[in-house]
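Where a number appears in this text, it was derived from the coordinates with a stated rule and is not lab data. Predicted model only: the values in this text are computed from it and were never measured. FYI the Cβ positions are ideal-geometry reconstructions off the backbone, even for glycines, and counts take in every protein chain you see.
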Amino acid sequence: MYCALRSSAGRAATATLGCQASFRRLLQTPASADWQLQTAVAFDIDGVLVKGKQTLEAGRRALSILSGNNKHGKRIPFVLLTNGGGVSEAAKAADISSRLGVEIHASQIVLAHSPMQSLVHRYGSQHVLVVGGIKNRCAEIARSYGFTNVSTPNDLVAWKPSLWPFMRAPASDHLSQPVGRDFSEHPFAAVLVFHDSFDFGRDLQVVTDVLRSQDAAAGRPFVRRQTAPLFMSNEDLVFSNEYPLPRFGQGAYHVCLRAMWQALHAGTDAPQLEYSLFGKPHPVQYRYAEGLLDRIAGSVGGMTDFERLRRCRRIYAVGDNPAADIKGANAAGWTSVLVRTGVFAGPPGSNDAVNPAAAVVDHVEDAVNWIVETEARRLAEMEPSQQ
Ligand SMILES: [Mg+2]
């Protein structure tokens, strides 16, 4: 079942010894809550629990095991940490709950764009361009986060259809601004790519237009520099769905955007395109997920000493994409588990050469069984009297 296991016994033993004293104080909670404070799991979704529209049976069983259906009778808290997006956290929770038969709350969901909420304090009242997703859904999500002045590429095409003449006029329910806004008089303060582009060509045109226009106002003359900051939510080059081979992800759009910027400025002294990235494998995603897990721990045992909790809690990350799930988890100090149901397709017995996981298993049910048994041993060593 387990194809590869990287030994980190020395590191783990040191950490365990360091946590023993802390947990004796920390565990002023019922014994039933012990695993819920000391262990947590973050699942990727696509390629792990589902494949596109197909729900993986192993995913159903895995979440059932974490809800206490294991031989130890222990519940383990979890979050879903995905580079997907384009829907609200509540909508994603409802969708995955119904597909996997386990109740999941919005507070357990980290989408690629969830931590973009941290940008609200800077841009919440300023005009931002939100890119990606279908209709105007990402604009609505941005508004729910607290961005109050949001426009989309569809709004710009509706303003000047000649801006991108290769599409029909957007339907009114695809717009996020009333028709009539003169965008040349409304500069953008930032560009936020929330989700995969549903029209690569249009979004390459619109975003490069804004970023190289005077004052970042569409329709104004081009200048040889970037005129607004760019934030993008997910650099996955490919992702896994029900199609038998990996598909282009948002990272493919980034490649095109960089190449287009370079081509447009070839032979000039214009600086490279600058941008900030969200999504796995970037640390911002893992800090955000740890914040959600802290709140879950708080609800379990009234836990408030999150600094101590974080030092002693072990978080497992289960994913199918070494370059995103495993790289990010390893960098965050989490224990990574790679499954074979998605992007990773190495032969049996292999691990990813660039971003090796702590364990490689066939599917998510194997991952959860491995986690439960690993934790049973670790926690028995740490606090024999508490288990
Ligand atoms: Mg995946």
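Brief remarks on what is shown
- Prolate/oblate/rounded label for segment 156-209 (Cα gyration tensor, a/c 1.5): rounded
- Each Lys or Arg adds one and each Asp or Glu subtracts one; over the other residues with Cβ under 12 Å from the Cβ of Ser88, this totals 0.
- Calculated FRET value between Glu185 and Ser64, using beta carbons and R₀ = 51 Å, to 0.05: 0.35
- Sequence-distant lysines (8 or more away, or on other chains) whose Cα lies within less than 19 Å of Lys71: none
- DSSP bridge orientation in the chain - percent antiparallel, rounded to nearest 5: 20
- FRET efficiency for the pair Leu264 and Arg143, taken as 1/(1 + (r/R0)^6) with r the Cβ-Cβ distance and R0 = 25 Å, rounds to 0.20.
- For the pair segment 45-71 / segment 245-301, the C-alpha centres are spaced 27 Å from each other.
- Shape call, segment 114-277: gyration tensor on alpha carbons, a/c limit 1.5: rounded
- Distance between the pseudo-spin-label points of Val354 and Val223 (7 Å out from Cα toward the beta carbon): 3.6 nm.
- Candidate aspartates and glutamates for bridging to Lys135, where Cα separation is under 15 Å - those fewer than 8 sequence places away on the same chain excluded: Asp155, Asp173, Asp196, Asp199, Asp203
- Our note on the geometry: Cα centres of segment 313-380 and segment 170-217, 39 Å apart.
- Label-point separation in nm, Val255 to Ile134, each point 7 Å along Cα→Cβ: 2.6
- Charge dipole magnitude, Cβ of K and R +1, D and E -1 - segment 334-387, Cα centre, debye nearest 20: 120
- Placing +1 on the Cβ of every Lys and Arg and -1 on the Cβ of every Asp and Glu, with no other charges, gives the chain a dipole of roughly 480 debye about its Cα centre.
- Remark: the Glu307-His105 segment gains 70.3 nm on full extension, using 0.36 nm per residue and subtracting the alpha carbon distance.
- Three-way shape label, segment 243-373, alpha-carbon gyration tensor, a/c 1.5: oblate
- In this calculation the C-beta distance from Met167 to Arg377 is compared with R0 = 41 Å, giving a FRET efficiency of 0.10.
- Per residue of the chain, the DSSP helices (runs of n ≥ 4 H) give a summed -39500 (n - 2.57) that works out to -11500 deg cm²/dmol at 222 nm.
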